[in-house]
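A.B. asks: Sending over a structure as structure tokens; questions will come in a sec.
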Amino acid sequence: MPENWMLPRIFPIGGILFDFLFVLIAIPIEAYVLHSRLKFDKKTSTFYAISINLFSSVIGWVIFFVSEPMLPIQVKSELINYMFFNNFKSSKSQTLIILTAFIIFFATFLLKFFILRVLLLSLNEAVAKKEEEPQTSQRRRWRSFSNLKLQSTSLATTILIANSLSYSVITIILLFRSK
């Protein structure tokens with residue numbers, strides 16, 4: 001562990017601005033998917049898309065700034081070279097970039113899924129009113145449990161589709177940027 005936990009003196013402003021651009025691109029795409037697949041109204045789906053993207057972006061930057069001092073010198077050099085000059089020194093970096101991109105994609109998917117799940121549970125008024133419901137039969141409880149499992153799967157599938165679409169558009173933009 002490094003002894004000096006200081007904030008960096010130079011912030012990657014270009015990277016932060018591109019992340020802001022990516023969030024602005026991802027929000028409408030993911031809001032549309034949430035609206036069409038989960039049948040939220042447009043305002044609610046936009047709120048959830050903004051929330052999950054901003055929370056995951058902030059958590060991602062915190063993880064980046066915490067893990068960056070622990071990286072080896074070669075990886076730091078490649079990262080700095082890419083952030084400031086948009087190119088790599090070593091050809092070995094492409095494998096590392098592809099592996100990192102897959103890890104970031106699935107970590108973001110899981111993070112967005114859990115954030116949306118927490119938001120749905122915390123903002124849902126029906127959960128608080130559950131105690132007032134009359135006793136239901138065993139068959140009706142089993143049906144509602146099956147619907148809950150299906151809804152949970154639908155939520156994960158929806159977040160996966162939304163995340164995939166937004167990452168695809170962001171990848172296309174990065175390809176245009178590199179040309």
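The values are calculated or read from the model by the stated rules, or taken from the named source; none is laboratory data. No experiment lies behind these values; they were computed from the predicted model shown. Backbone-built Cβ (ideal geometry, glycine too); neighbour counts: all protein chains shown. Just so you know, the surface numbers come from the protein's heavy atoms only, side chains and all, with ligands and any DNA or RNA stripped out. Shrake-Rupley method; radii C 1.70, N 1.55, O 1.52, S 1.80 Å.
A.B. asks: Mind telling me which of the residues SER168, SER152 ends up being at pLDDT below 75, farther than 18 Å from HIS35 by Cβ and assigned to a helix (DSSP H, G or I)?
C.D. replies: SER152
A.B. asks: Something else: Which of the residues belonging to the stretch 80-95 are open to solvent by 80 Å² or more (accessible area, probe 1.4 Å) and either in a helix (DSSP H, G or I) or touching a Pro at 6+ places or on another chain (Cβ under 7 Å) (or both)?
C.D. replies: ILE80, PHE84, PHE85, GLN94, THR95
A.B. asks: Within the stretch 28-77, which residues are within 15 Å of the chain's Cα centre (by Cα) and either at positive phi or aromatic (Phe, Trp, Tyr) (or both)?
C.D. replies: Matches in the stretch 28-77: PHE47, TYR48, PHE55, TRP61, PHE64.
A.B. asks: Given the structure, is PHE109 surrounded by 15 or more Cβ atoms within 10 Å (Cβ to Cβ) and outside any helix (DSSP H, G or I)?
C.D. replies: no
A.B. asks: In the set PHE65, PHE84, PHE40, which member is at pLDDT below 90, closer than 18 Å to LEU160 by Cα and of a type in the set (Phe, Trp, Tyr)?
C.D. replies: Being at pLDDT below 90, closer than 18 Å to LEU160 by Cα and of a type in the set (Phe, Trp, Tyr) holds for just one of PHE65, PHE84, PHE40, which is PHE40.
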